[in-house]
Amino acid sequence: MKAADPANRVLVFTQFEDVAYSPCGIPYVHGKEIPDFQSLFLADKQAYVDAGIEISYETTVRSIDTAAKRVHVEGVGEVAYDALVVATGFDYKDPGVPGSDLDGLYRVKNIRAAMEWDKVLDTVKRAVVVEASPLGLEMVTALAHRGIETHVIDPHPWALGDLCDPDVVAPVQESWAEMGVQMHWNTKLEAFLDDGAGHVRGVATSGGELPAELVVVATHKVPSNALAVAGGLAIGSTGGVVVNDHMLTSVPGVFAAGDVCEIPHIAGVPLQGLTGSHAYAQGKVAGFNAGGGDRSYQPVYVPWATVAGKWIIGGVAFGEVAAEALGMPYVVGRATGISRARYFPGVKPVRVKLLAEPGSLRLIGAQMVGGEGIKERADFLGVAVKKGLTLHDLATMENVYSPPIGALNEPIAVAAQDGVAAAARGA
Ligand SMILES: Cc1cc2nc3c(=O)[nH]c(=O)nc-3n(C[C@H](O)[C@H](O)[C@H](O)COP(=O)(O)OP(=O)(O)OC[C@H]3O[C@@H](n4cnc5c(N)ncnc54)[C@H](O)[C@@H]3O)c2cc1C
């Protein structure tokens, strides 16, 4: 809003004690890969005071009255606005089983809470992570890295079951097994078990009971939409707030951004619960427009990547599981290459799978697993999908060859060549 017009008065209300920290780093502090939580803070509170942004911490907005253009803020009263941005984020989906309010259930989100939970982790010998979601993946790896006996339960047959292809996630699961993680696939949560004093003592599942001193609830992200619903904003099929390309909701003067809203995927499917980088980009558009500016936000292709076990996995748009679920025909090209020259110390495997539209061979998605360089490939392939590049384009792409950082044959190009050959064979 300040970027649109420095004279804008900007009021921010947050239930949390802080703003401008990276929740994305929390699992790595728990896993002892980052030494402390302090390094996750991006700016101190004074920086916002200096920028003229008025932030009220630990303050809850209770309701929105869009007709009167005001919000009701607990402990403050009615606050009038000219333009409003709703960015209330996400909640973990309620598993809908008994015991959801027990102590010892950790829903990773707020950094101050994470600091307290980190002390608890020192006392935990055995933990269960409920669902191998993207956040679940990070927490499984972190807990195992910390030396805690870690179990993961998930109703799918493999990790990231509704996003990732089994061949891509298989090395991750092998590395978890090496780290001592016990995986319980096709396993439904039935209850959180009470120790009789209101603290969790484990979980009941479709495969039996698992004792644990701590349970991480990493269920699917759902939009924290209570305020938006009560305020009468249109809600889409995912439960997210519907926005147009200006991040404007169904109500004039009310914008939304981040995990609370749903965004069209390029295939026309609405998506909710994207990444922090999406929330950041959407927030800039919503804030700029709320401040009187004129910016737009495009449908997304969702490049993604994460560290899981001893591997990095990632991709863009569709993998085979998603394409099949949507009934999309595709041609696939596969390759296993290397990240550096084969003789250079530290060389890692890079497995690439490319999906393309039959006929045109236009790229429609990719999934990858490897030891390094996955993030950069996902970013590049995101642009490639967006710009309509084909397997022919990628098969003949130029690439950097420099022994410490890149191999002679780029795995993306080799996978594209494989896809072109598969298409020619009619495979
Ligand atoms: C552990 C963890 C790891 C993650 N890792 C990654 C990663 O590696 N990469 C990535 O891209 N993304 C990651 N994410 C996701 C990313 O953090 C979120 O997508 C992003 O923070 C969403 O931003 P947001 O502004 O929509 O919501 P949030 O950052 O959740 O902010 C919501 C805000 O709304 C406030 N609020 C809600 N209701 C009210 C109310 N009634 N009154 C006042 N204030 C209210 C809250 O206090 C909070 O300040 C991770 C998230 C977590 C929790």
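Has the range 344-365 got at least one residue that is more than 16 Å from PHE318 (Cβ to Cβ), among the basic types (Lys, Arg) and over 28 Å from the mean Cα position of the chain (by Cα)? Among the residues of the range 344-365, not one is more than 16 Å from PHE318 (Cβ to Cβ), among the basic types (Lys, Arg) and over 28 Å from the mean Cα position of the chain (by Cα), which makes the answer no. Scanning the range 1-28 for residues that are under 18 Å from the mean Cα position of the chain (by Cα) and buried (at least 17 other Cβ atoms within 10 Å of the Cβ) turns up TYR21, GLY25, ILE26, PRO27, TYR28.
Quick grid of which residues meet (1) touching a residue at least 12 places away in the same chain (Cβ under 8 Å); (2) more than 22 Å from VAL86 (Cα to Cα); (3) more than 12 Å from the ligand (Cβ to nearest atom); (4) not aromatic (Phe, Trp, Tyr):
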| site | (1), (2), (3), (4) |
| --- | --- |
| VAL10 | yes, no, yes, yes |
| PRO23 | yes, no, no, yes |
| GLY31 | yes, yes, no, yes |
| ASP36 | no, yes, yes, yes |
| SER39 | yes, yes, yes, yes |
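Taking the range 351-374 as the range and being assigned to a loop (DSSP other than H, G, I, E, B) and buried (at least 21 other Cβ atoms within 10 Å of the Cβ) as the test, the residues that pass are LEU361, GLY373.
Restricting attention to the range 296-312, the residues that are of a type in the set (A, V, I, L, M, F, W, C) and away from the ligand (no atom under 14 Å from the Cβ) add up to 1. Among the residues of the range 247-258, those that are out of contact with any Asp or Glu (no Cβ under 9 Å at 6 or more places or on another chain) and either among the polar types (S, T, N, Q) or touching a residue at least 12 places away in the same chain (Cβ under 8 Å) (or both) comprise MET247, LEU248, THR249, SER250, VAL251, VAL254, PHE255, ALA256, ALA257, GLY258. Condition first: at pLDDT 95 or above and at positive phi. Can you find one or more residues in the range 4-23 that meet it? No. Scanning the range 104-119 for residues that are more than 16 Å from the ligand (Cβ to nearest atom) and exposed (fewer than 13 other Cβ atoms within 10 Å of the Cβ) gives a single hit, LYS119.
When we screen ARG425, ARG377, ARG342, ARG334 for residues that are buried (at least 20 other Cβ atoms within 10 Å of the Cβ) and either at negative phi or touching a Pro at 6+ places or on another chain (Cβ under 6 Å) (or both), the only hit is ARG377. Counting only residues that are of a type in the set (Asp, Glu), under 28 Å from the mean Cα position of the chain (by Cα) and in a helix (DSSP H, G or I), the range 375-427 holds 2 of them.
Identify the residue in the range 263-277 that is more than 7 Å from the ligand (Cβ to nearest atom), under 14 Å from the mean Cα position of the chain (by Cα) and not hydrophobic (A, V, I, L, M, F, W, C) and, among all such residues, is surrounded by the fewest Cβ atoms within 10 Å (Cβ to Cβ). Residue satisfying both the conditions and the ranking: GLN272. Outside any strand (DSSP E or B) and more than 8 Å from the ligand (Cβ to nearest atom): which single residue out of GLY293, GLY283 fits that description? Going through GLY293, GLY283 in turn, just one is outside any strand (DSSP E or B) and more than 8 Å from the ligand (Cβ to nearest atom): GLY293. A single member of VAL129, VAL181 is modelled with pLDDT of 95 or more, among the β-branched types (Val, Ile, Thr) and within 16 Å of the ligand (Cβ to nearest atom), and it is VAL129.
Scan the range 66-75 and give yes if some residue there is within 13 Å of the ligand (Cβ to nearest atom), surrounded by 14 or more Cβ atoms within 10 Å (Cβ to Cβ) and closer than 30 Å to VAL140 by Cβ, otherwise no. Scanning the range 66-75 turns up no residue that is within 13 Å of the ligand (Cβ to nearest atom), surrounded by 14 or more Cβ atoms within 10 Å (Cβ to Cβ) and closer than 30 Å to VAL140 by Cβ.
Filtered by the rule that a residue be among the small types (Gly, Ala, Ser) and crowded, with 19+ Cβ neighbours inside 10 Å, the range 164-204 gives a lone residue, GLY202. Across the range 192-250, the number of residues qualifying as among the hydrophobic types (A, V, I, L, M, F, W, C), assigned to a strand (DSSP E or B) and closer than 26 Å to GLN298 by Cβ comes to 5. Within this structure, ALA43 passes the test of being at negative phi, within 16 Å of the ligand (Cβ to nearest atom), modelled with pLDDT under 95 and exposed (fewer than 15 other Cβ atoms within 10 Å of the Cβ). Return yes or no: is GLU17 out of contact with any strand residue (DSSP E or B) (no Cβ under 9 Å at 6 or more places or on another chain) and within 12 Å of the ligand (Cβ to nearest atom)? Against the criterion (out of contact with any strand residue (DSSP E or B) (no Cβ under 9 Å at 6 or more places or on another chain) and within 12 Å of the ligand (Cβ to nearest atom)), GLU17 qualifies. Contact annotation: residue pairs with Cβ atoms under 6 Å, 6 or more positions apart or on different chains, pairing a residue in the range 102-118 that is closer than 13 Å to HIS30 by Cβ with a partner that is within 15 Å of the ligand (Cβ to nearest atom) and β-branched (Val, Ile, Thr), are TYR106/VAL216; VAL108/ILE26; ALA114/ILE26.
Among the criteria (1) buried (at least 20 other Cβ atoms within 10 Å of the Cβ); (2) in a strand (DSSP E or B); (3) modelled with pLDDT under 95, the one PHE255 does not fulfil is (3).
GLY180 satisfies every condition listed in (1) small (Gly, Ala, Ser); (2) touching a residue at least 12 places away in the same chain (Cβ under 8 Å); (3) assigned by TED's automatic domain parsing to the domain that holds VAL128; (4) out of contact with any helix residue (DSSP H, G or I) (no Cβ under 7 Å at 6 or more places or on another chain) except (4).
Just to be sure, is ARG126 surrounded by fewer than 17 Cβ atoms within 10 Å (Cβ to Cβ) and in contact with a Gly (Cβ under 9 Å, 6 or more places away or on another chain)? So ARG126 fits the description; yes.
The values are calculated or read from the model by the stated rules, or taken from the named source; none is laboratory data. This structure is a prediction, so every number in the text was calculated from the model and none was measured. Please note: Cβ atoms are built from the backbone with ideal geometry, for glycine as well, and neighbour counts cover all protein chains shown.
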